[in-house]
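Everything on this sheet refers to the single structure shown next.
The values are calculated or read from the model by the stated rules, or taken from the named source; none is laboratory data. As the structure is a prediction and not an experimental result, all values here were calculated from the model. Backbone-built Cβ (ideal geometry, glycine too); neighbour counts: all protein chains shown. Surface accessibility is based on the protein's heavy atoms, side chains included, excluding ligands, DNA and RNA. Shrake-Rupley method; radii C 1.70, N 1.55, O 1.52, S 1.80 Å.
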Amino acid sequence: MKQSKKGLSNWLLLLGVVVLAVAPLVLIKGSDFSGADGHAENAIKEIQPEYKPWFNSLIELPGGEVESLLFSVQAAAGAGVIGYVIGLYKGRSQHQRNKE
């Protein structure tokens, strides 16, 4: 496959992933994609109602689904970095073996 077609297919694949990640946020209105943080906050309020948090959030996000999206993007970026590093070291190792 030519390099330009390969690059185009990579961009189309990335676009498909973004569409799959954003589509539920746009199409499913009034959904509750809450995470463990909200459940933990409710449990703490039940145990000790007078508890005051040590600090407040810097940014107030519009909903739990946005938090889930940001968490999944963070996880995907981390997995991408780990995969890149593993591939880089494997490529270097193979390159060294081929030189010898």
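Annotation for VAL26 and GLU50: the two label points, set 7 Å from Cα along the Cα-Cβ direction, are 5.0 nm apart. Per residue, the chain reaches -26000 deg cm²/dmol at 222 nm when only DSSP H runs of four or more residues are counted, each adding -39500 (n - 2.57). Split the accessible area of the chain by element, probe 1.4 Å, and carbon with sulfur accounts for 65%. For the chain, the equivalent ellipsoid derived from the Cα gyration tensor has semi-axes of 42, 22, 9 Å, listed largest first.
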